[in-house]
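Data block below; observations after.
Each value in this text was obtained by applying a stated rule to the coordinates, not by laboratory testing. Everything numeric in this text was worked out from a predicted model, so none of it was measured. All Cβ positions, even for glycine, are placed from backbone atoms using ideal geometry, and neighbour counts span all protein chains on display.
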Amino acid sequence: MRKYILWLGIGVIVMVAYVYGTKAGRGRYRDIRASIDAVWNDPKVKKARKEALKRADAAARSVVKQAEKIGR
């Protein structure tokens, strides 16, 4: 019975913390999201993403060629 009361108390505390956190955290969430969007859409980051995709594609093609070579 004590474990049940303990878990019930923990559950109530978690629910109250969640409610207060969501009310207070909405503005902060928007700030963080705006920062992430600003970084993601930065021209330098876009260029780096494109370059990384090119290199990954080239590496994948190289691995496929080597696997075909070994498989023969």
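Quick notes on this structure:
- Correct option for Kirkwood radius over Cα pairs in Å [calculated from the coordinates] among (i) 17.5; (ii) 11.8; (iii) 12.8: (i)
- Over the chain: helical MRE at 222 nm, DSSP H runs n ≥ 4 each giving -39500 (n - 2.57), nearest 500: -34500 deg cm²/dmol
- Per-residue HN-Hα couplings for segment 59-69 [Karplus 6.51, -1.76, 1.60; θ = phi - 60°; Hz; x = Gly/Pro]: 5, 5, 4, 5, 5, 4, 4, 5, 5, 5, 5
- Approximate spin-label separation Arg49-Arg33, in nm, with each point projected 7 Å along Cα-to-Cβ: 1.8
- Positive dipole terminus of the chain, leading residue within Met1, Val14, Gly71 (C-beta point charges): Gly71
- Applied to segment 51-57, the Karplus parametrisation 6.51 cos²θ - 1.76 cosθ + 1.60 on θ = phi - 60° returns per-residue 3J(HN,Hα) values of 5, 5, 5, 4, 5, 5, 5 Hz, with x for Gly and Pro.
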